[in-house]
1. Within the range A:11-26, identify whether any single residue is within 14 Å of chain B (Cβ to nearest Cβ) and aromatic (Phe, Trp, Tyr), and answer yes or no.
2. Taking strands (runs of 3 or more DSSP E) that fall entirely within the range A:107-174, which contain at least 1 residues that are within 12 Å of A:THR196 (Cα to Cα)?
3. Report yes if some residue within the range B:110-124 is modelled with pLDDT of 85 or more, more than 12 Å from chain A (Cβ to nearest Cβ) and crowded, with 19+ Cβ neighbours inside 10 Å; otherwise report no.
4. Just one of B:ARG157, B:ARG162, B:ARG152, B:ARG117 is of a type outside the set (Asp, Glu) and in contact with a Pro (Cβ under 7 Å, 6 or more places away or on another chain); which is it?
5. Given the criteria assigned by TED's automatic domain parsing to the domain that holds A:ALA339 and aliphatic (A, V, I, L, M), does A:LEU73 qualify?
6. Restricting attention to the range A:288-335, and to residues there that are of a type in the set (S, T, N, Q) and buried (at least 18 other Cβ atoms within 10 Å of the Cβ), which single residue is farthest from the other protein chains (Cβ to nearest Cβ)?
7. Name the residue that is farthest from the other protein chains (Cβ to nearest Cβ), counting only residues in the range B:60-83 that are among the small types (Gly, Ala, Ser) and surrounded by fewer than 14 Cβ atoms within 10 Å (Cβ to Cβ).
8. Among (1) over 30 Å from A:ARG305 (Cβ atoms); (2) in the same structural domain as A:ALA278 (by TED's automatic domain parsing); (3) in contact (Cβ under 8 Å) with a residue 40 or more places away in the chain, there is one condition A:ILE20 misses while meeting the rest; what is its number?
Amino acid sequence: MGYRPRLAKRMLFNRRGSLIGAVLAVTIGILVIHVNFVIFQGLYDAIVRDIGDYRTGDIIVTDEDSFITRSDLAVASWFERNPSVEAVAPRLSASAEINITKGGRLIEETRVPIVGVDPYRDIRASTVHETISEGSYVFARNSVVLGTNVARDLGGAAVGDSVKVMIVDRWGEEQVRRLVVSGIASSPGGQGFDYTVVMHIDTLRDMMAREGETGSFMVRMADEGQAAAVRDLFLRSFPNDDFVAETIEEASEEQLQGFRSGIAMINMIGYFGMMSSAFAIVTIQMMIVNGKTREIGILRALGARRRDVLVIFIMQGMLIGAIGAGVGTAAGLSYTFYAKETKMSFNNSLPLEVSYDWAKILQTALTSFALAVVASLYPSYRATKLVPVEAMRAV
Amino acid sequence: MLRARGVTKSYGQDETRVTALRGASFDIRRGEFVLIVGASGSGKTTLLNMIGLLSSPTSGRVIIEGVDTTRLGSSGLAAFRNRRLGFVAQFANLLVDLTILENVMLPRQIAGGGWARGDRPRRDALELLRSVGLEAQAAQRANKVSGGQAQRAAIARGLINRPSIVLADEPTGNLDSVSSESVVRLMKDTARRLNQTFVVVTHDREYFGEVDRVITVSDGRVYEEEDDPRVAAATATAATRKREVLP
């Protein structure tokens, strides 16, 4: 080892307090970024996950005219021929008035969102059925699943209760059906159908007088990376239809736009935190330079050039950056691992979608390393400005 | 070997201007053991800094081995100090983060090039440490040895690049009498053995006994021993003390 790296290392490691302080500054900067990522990106991804799982799948197909008239069998068959597609489920949406008589009292709710599903296809394409906390899904045509909040608003409707559902059909006529509550849906974080009523799609079609029509198809991909390609192929295959096919990101754009801005701001705060750690490094290195004035003078007297002194202190910055980036990344990964293994949830409800974004982890580590080196430039420059004869007086 | 011509050093400007050294001119020849003596604040350390190229003169020239050092830039001066000069300071000025051996090797490693590669700096440093009686302390951290041992290590460090001149600033100033005698003996032995030029600033002239020349600095002016009657008197006193200290 040359004398410069040796001196850089020894000067730093022999001042443990300074070393620990500088490394901690970098570590905390990185940890803040990792924690932000786990929580806010995890929350974002959890919302995207739930939107996909409950409402859109990986691709959602709608029609410019609100309803798809092509048979659901034809559309589903087209998709299911593609090996990248796992499942397809038709959906139909409306709003309804719903009432129940409990203890001789009529409880009524208006404008309740209602979703019609094909239960056998839906359980393959979505995870709504997994949110049924009591009872079962809408396998029978006269059954209905109430979202937990709807059930609460209906005075605590329970499985087996009978509810009356009124929908205005396409001709403006009120259609009323009495349906049996087969299940109550409650999703973690409330992103599922907690505020919605789910019924069999054929019953809803019948009530809406839209025989054979569908509101949307949610397509679940076996290979999510192929979503855009499959969407494009689908649109090319039905050039005469007015289909609108969007990937989950496109379909949720409006919903997620604000959230993304929030994440960007939080990340910026994280990077500001990292810059604060750079200032801490400047301060600590200035302390090291001030404490090593005599040594710098000796080195210069022995013939070290200004650039040798510069290199020694920049190497210290590199050491601080490397150790800090290593420790910070290890701490951040430990936190991420903990969050993933414990299925950490946001606000004790929505389980975070924790992932390891290796590109971002590497970028964070490299950024903090670079910041540490940049932060060492000024103290290093100051060190080179010491006049040997003056520096050697500082005994 | 070394020629100082009209070397003047002033600090400050106009009314606050202080002249620490006034037109110092003298020669030092190869192999000489030269003392620079004078009262505190007389300018002797300033003179040493000038000929040690640690500080540049306000006017005048310092020529070492034919090179007019006042014409050298910062990097040139650093390289010149490294290859041609050795330093021994009052407080040894070893780097406490390094071992004794690493301290001694340091000027060689700073020099770089062929003779700094491989095992050679280490072998040469160990040889020097053996010659100053510090082989056993080679692996010790510099702040773990006594003042006398540190000063011996500093002498070894000053010799590692086989410099033209070793400059020592109060090398005994921080040592007890036993260590001082030992360090002085080492310097004089080395000077004789290697025909090494030594220029030593000291208050403790009595420890040095007979030397080749004595330069006195008084109020910023430089006198050769024979020029200055005060020096002759001091030399006589020192000779008496030397007999007391070094029988």
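The values are calculated or read from the model by the stated rules, or taken from the named source; none is laboratory data. Quick caveat: nothing in here was measured; it's all calculated off a predicted structure. Please note: Cβ atoms are built from the backbone with ideal geometry, for glycine as well, and neighbour counts cover all protein chains shown.
1. Of all residues in the range A:11-26, those within 14 Å of chain B (Cβ to nearest Cβ) come to A:11-16, A:18-19.
Those left that are additionally aromatic (Phe, Trp, Tyr): A:13.
Within the range A:11-26, one or more residues are within 14 Å of chain B (Cβ to nearest Cβ) and aromatic (Phe, Trp, Tyr).
2. On the way: elements: A:132-135, A:143-147, A:162-168.
It comes to A:143-147.
3. The answer is yes, given that some residue of the range B:110-124 is modelled with pLDDT of 85 or more, more than 12 Å from chain A (Cβ to nearest Cβ) and crowded, with 19+ Cβ neighbours inside 10 Å.
4. On the way: B:ARG162 fails: in contact with a Pro (Cβ under 7 Å, 6 or more places away or on another chain); B:ARG152 fails: in contact with a Pro (Cβ under 7 Å, 6 or more places away or on another chain); B:ARG117 fails: in contact with a Pro (Cβ under 7 Å, 6 or more places away or on another chain).
One residue alone meets the criteria, B:ARG157.
5. Numbers: assigned by TED's automatic domain parsing to the domain that holds A:ALA339: no; aliphatic (A, V, I, L, M): yes.
No; evaluated as a whole, the condition is false for this residue.
6. Here is the first cut: in the range A:288-335, the residues of a type in the set (S, T, N, Q) are A:290, A:293, A:316, A:329, A:334.
Going one step further and asking which of them are buried (at least 18 other Cβ atoms within 10 Å of the Cβ), we end up with A:316, A:329.
Details: A:GLN316: 12, A:THR329: 28 Å.
Selected residue: A:THR329.
7. First, pick out the residues of the range B:60-83 that are among the small types (Gly, Ala, Ser): B:60, B:66, B:73-76, B:78-79.
In the following step, the residues that additionally are surrounded by fewer than 14 Cβ atoms within 10 Å (Cβ to Cβ) were identified as B:66, B:73-75.
Details: B:GLY66: 19, B:GLY73: 10, B:SER74: 6, B:SER75: 5 Å.
Checking each candidate, the answer is B:GLY66.
8. Every listed condition holds for A:ILE20 apart from (3).
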